[in-house]
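I have placed the structure first, in the form of structure tokens, so that the comments after it can refer back to it.
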Amino acid sequence: MAGRDAAAAARSAAVNELEGYILEARGMRSRKHGSLIDGASLEPMLDEAEDWLYSDAGEAAGCGELGAFLAALRVRVDGTMVAFREKVEAERVASEAALQASADAAAAERAANGEDEDHDQRRLKYPDRLRMVQKNKDEGTELFKGAVDVTQYRQAAARYNKALTHAAKFVDLSPDQREEVDALKLSLHLNIAMCWLKITDATNHLDQAIRSCTDALALDGENVKALYRRATALEQKKDYEAAKADLAAAAQIAPDDKAVPKLQQRVEAQIKRQLDKEKKMYGKMFG
């Protein structure tokens, strides 16, 4: 029995990996420079892969066959994205050079001003510390808006985290000042979450996004953006029930929000699909 359960779990993981890759590949054309992808070849290729996965042949495939199918699909998909990847890489190289020059200049400026951010324990006046928070936040937003790959999103997250570091160093705040600082912290946590959703090469990027959203909700338990972004990460982790709960809360808080019901529909469909697959799988195993 235990062996059967382990085999079923392994096969389910292989199916999920293939499903996830097809979903990711479909989304590539919506990215910057996605028009360079050969969509006329890509879309039928993905449709064919999805049809196979849910066919009798796909349902009967074991882990080895599913893994081989995915490996072959990756090669074919990569062939449709040559121009896209070349353009992204060229922009990445140019952007990194510009960012490094900017970072060197900023480091020199901080050194000249005595602003060692990692060891800054000065009791600065509220406007001075606020200026440093806002400066790092603005730099993060500039990096995020100009990002073309995970490197820039990582750099944006780093600036937002620097801003949070400064936001933790305010002293003797009045109630109004505390409210302003908390609003800044909330915005920073939300921005960091968005960065982590896009840093897809990090194995823990979804966990980091969820943590940032949870930190945001600790400041504002009814923040719809935090609920929606956490649900987005939970959906990608295939934790559909938790995503469903966050979306239900968001829908109750903001019933007119148009993005929430779209994600709700997708999550509900995934829950139904998962239940149907489990019924079919166990039906074959024990039928």
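The values are calculated or read from the model by the stated rules, or taken from the named source; none is laboratory data. Here the structure is a predicted model, which means the values were calculated and not measured. As a convention, Cβ positions derive from the backbone with ideal geometry for all residues, glycine included, and neighbour counts pool all protein chains shown. With ligands, DNA and RNA removed, areas are computed over all heavy atoms of the protein, side chains included. Shrake-Rupley method; radii C 1.70, N 1.55, O 1.52, S 1.80 Å.
Size of segment 116-261 from its Cα atoms: along the principal axes, largest to smallest, the extents are 46, 36, 22 Å.
Kindly provide the helix-only [θ] at 222 nm of the chain, computed as the sum of -39,500 (n - 2.57) over DSSP H runs of four or more divided by all residues, to the nearest 500 deg cm²/dmol? Before the final figure, lay out the partial values.
Values: 12 runs with 227 residues, N = 287.
Helix contribution divided over all residues of the chain: -27000 deg cm²/dmol.
Which of the peptides 181-194, 131-144 is most tightly packed, and how do the rest follow, going by the mean number of other Cβ atoms within 10 Å of each residue?
The most tightly packed comes first, giving 181-194, 131-144.
For the chain, the longest principal axis of the alpha carbon atoms and the long axis of helix 175-198 meet at an angle near 40°. Shape summary of the chain, radius of gyration then Dmax from alpha carbon positions: 23.0, 75 Å. Between helix 63-79 and the chain there is an angle of about 60 degrees, using the helix long axis and the longest principal axis of the Cα atoms.
Listed here are the pairs Lys137/Lys258; Lys125/Lys185; Lys198/Lys279; Lys32/Lys125; Lys162/Lys258; Lys198/Lys244; which of them are more than 30 Å apart at the Cα? Too far apart for the 30 Å limit: Lys198/Lys279; Lys32/Lys125; Lys162/Lys258. Accessible area per residue for the chain is 55 Å², calculated with a 1.4 Å probe on protein heavy atoms, without ligands, DNA or RNA. The accessible surface of the chain, taken with every protein chain in place and a 1.4 Å probe, is 53 percent carbon and sulfur. The C-alpha atoms of the chain define a longest principal axis, and helix 2-27 lies at about 60 degrees to it.
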